[in-house]
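Below you'll find the structure, written out as structure tokens, and then a few comments.
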Amino acid sequence: MSPSAVSLAMILAIVGLGATIGFLAGVRRKMNLEQWTVGGRGFGTVLMFLLMAGEIYTTFAFLGASGWAYSRGGPTLYILAYVTLGYVVSFFILPQIWEVGRKYKLQTQSDFFNMRYGNKYLAAFVCVVGVTFLIPYLQLQIRGLGIIVNVASFDGIGRTPAMAISVVLLAAFVFASGVRAVAWISVLKDVLMVFAALSIGIAIPYIHYGGIGPMFSALAQARPAHLTMPGATANLGHTWYISTVLMTSLGFSMWPHGFGATFTAKSGDTLRRNAVVMPLYTITLAFIFFVGFSAVLVVPGLPDGDLALLTIVRQSFPAWFLGVVGGAGALTAMVPASILVLTAATLFVKNLCRPIFAPAMTDDQVAKLARAMVVVLSVISLYLATHSSATLVSLLLLGYAGVSQFFPGVVLGLYWKRVTMPGVFGGMIAGVATVAFLIFTHQDPFLGWSAGFVALCINFLITAILSLLTPAMLPPLEQTQN
């Protein structure tokens, strides 16, 4: 068999196994809205670990981190800082969110805002913003899938056909099994990803440089600026680094899919244990960085930094191993893409269509329409992925800039009785508008600061001022706070 056929066979076998697990996850369970979205609220520590690892360690971690290490250098290290700090924040707020969800039977992030502030239009706005900024994250996964299958198959399959096939598969098993499919496929995905990251992260520096230390020595001698701030960029300096770490660590638990996954846990303690253990998983990212830094001198001049990891693996290992890495990478895209499209579809139907346009809809009708929206959103994301040239990390940062604007409404809603609906609504509108203006006028970073962080500061300020200027409301959450 040709190298292309061997590698492609391995990829198809791994993806096929993952898809089979996804379909079987919902067997013998009635997939009503509660089971489809939050798994019956019965996930223990292990399943919660796998579900959240599946959501967080994605194509961004696999290709994006190595791509930025290759093309940007020093600024890439923000990833290690924000993920760790994000778990610190989640340790304190996710158990509180879970307790509220258990008490009021919440299923989505918009449900939280509707229950806390008593306004369906605020909840609908949260839904619209959430879906809007989930799309770049979903686009990131699909674009990453195309890169993985295209490069790992030695160009045997084009990017667009690879993306189309993968989108059909993920839409099908999400349609059938909901959030359980995501959790169970994460078992296979995490085993393969850890194996691939450790193997290539150690082996590639040794193959080309004689070790990790010699690799950094060679890079520091040939490209000394690459390993410092702002690296190979002109404007991603220390101010950008600090503001980006703050913005992303606060927005870490604000992704609608992560927020919703919180409600699947058995208890608040499950979430605390998860926050303590999960940072250990982040160690694998360092090995992904080693691959990207190694590629700087081994495969210079790549037109797209996101190609760095698979390109150097293809040069360094036999075809079957490239297929294993490609299959692992494909699952790191399909698993989070599944939970993203599930969350976006549920939000759109449950928190926008039903309360605003069709209040008489039953939960069964919501579940059926949400399944249909899985297909619609998958097609939209596929179209955007085939017509975009943005790097994977850039797409992620765009999404973070948007979803971090939920943080004031959530944290103040939990801990400040004086916060009001007009304050949260006004602050969120100002924050999202600032993000849109700065990013789409190409002013990110703004005077050295992350656009998302600037927007978050404006959001907090306006939320606080308007809350103090408007009549206080009795928060329904005060009985859940200890």
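Readers should treat all values here as calculations from the given coordinates under stated rules, not as data from a laboratory. From a predicted model like this one, the values you see are computed outputs, not experimental measurements. FYI the Cβ positions are ideal-geometry reconstructions off the backbone, even for glycines, and counts take in every protein chain you see.
Take 456-468, 395-407 and order them by the average number of nearby Cβ atoms within 10 Å per residue, most first; the result is 395-407, 456-468. Quick one: check the C-alpha center-to-center distance for the stretch 60-99 versus the stretch 204-250, whole angstrom. Between the Cα centres of the stretch 60-99 and the stretch 204-250 lies a distance of 16 Å. The peptide list 282-288, 184-190, put in order of mean Cβ contacts within 10 Å with the highest first, becomes 184-190, 282-288. Quick one: 3J(HN,Hα) in Hz for the stretch 265-270, Karplus 6.51/-1.76/1.60 with θ = phi - 60°, rounded, Gly and Pro as x. These are the phi-based 3J(HN,Hα) values: 6, 6, 7, x, 5, 4 Hz.
When only Cα pairs below 8 angstrom with a gap of at least 6 residues are kept, the chain shows a relative contact order of 31 percent.
Rounded to 0.05, the FRET efficiency of the Thr470 and Ala436 pair, given R0 = 25 Å and the Cβ-Cβ distance, is 0.50. Once backbone amide H atoms are built at 1.01 Å from N, Phe446 has Ala451 as its partners under 5 Å, excluding neighbours fewer than 5 places away on the same chain. Which of rounded, prolate or oblate describes the stretch 352-482 when judged by the alpha-carbon gyration tensor and an a/c cut-off of 1.5? Oblate shape, in that a/c is at least 1.5 and b/c is the bigger or equal ratio. Couplings for the stretch 340-347, taken from phi via the Karplus curve 6.51 cos²θ - 1.76 cosθ + 1.60 with θ = phi - 60°, read 5, 6, 5, 5, 4, 5, 5, 4 Hz in order; Gly and Pro are left as x. With the highest mean first, a sort of the peptides 376-387, 70-81, 352-363 on other beta-carbon atoms found within 10 angstrom per residue produces 70-81, 376-387, 352-363. Using R0 = 51 Å, the C-beta based FRET efficiency linking Ser2 and Val376 works out to 0.85.
Shape analysis of the stretch 138-285 places it in the oblate category; the axes a ≥ b ≥ c from the Cα gyration tensor give an a/c of at least 1.5, with a/b not above b/c. Computed from the Cβ-Cβ distance with R0 of 25 Å, the FRET efficiency linking Tyr415 to Met361 stands at 0.15. The calculated 222 nm mean residue ellipticity attributable to helices in the chain amounts to -24000 deg cm²/dmol, summing -39500 (n - 2.57) over DSSP H runs of n ≥ 4 and dividing by all residues. Positive contributions from Lys and Arg (+1) and negative ones from Asp and Glu (-1), summed over other residues with Cβ under 13 Å from the Cβ of Leu347, come out at +1.
When +1 charges are put on Lys and Arg Cβ atoms and -1 charges on Asp and Glu Cβ atoms, the dipole computed for the chain relative to its Cα centre reaches about 900 debye.
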